[in-house]
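Written below as structure tokens is the structure these notes are about.
The values are calculated or read from the model by the stated rules, or taken from the named source; none is laboratory data. Remember, it's a predicted structure, so these values are computed and weren't measured experimentally. Cβ sites come from the backbone with ideal geometry, for glycine too, and all protein chains shown count toward neighbours.
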Amino acid sequence: MNVRLTRCEKAQLCQEARRAGLSVSALVRRRSLGRKVPMVEASLAMVQALRRISVLVEHLDRDSARETPPAVREGAQALRRELQEILAGFSHSC
């Protein structure tokens, strides 16, 4: 089945799917069949805390680049990417 969506509609579905921990296809299937969709809403305080953590990890990664073993730097970079992806799910607007 093909469905045409505007960019905004697609972004909204992607955001909702991320929040529910589902793929877009799974989200659409559940909704279209009347099944429950788990929604995990974040509080403003939680989102702000994640942003602060993301900034702190970025500073840690940048400031200690010479002194930190490569495995720790890679872990910090991976953590920062994950935090950014999580935050992207809560900050998209059309």
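For this structure, a couple of remarks:
- Some residue of segment 12-27 being over 24 Å from A78 (Cα atoms) and part of a loop (DSSP other than H, G, I, E, B): no
- Test: residue in segment 35-48 that is among the charged types (D, E, K, R), modelled with pLDDT of 75 or more and in a helix (DSSP H, G or I): no
- Tally of residues being closer than 18 Å to K36 by Cβ and charged (D, E, K, R) across segment 8-23: 3
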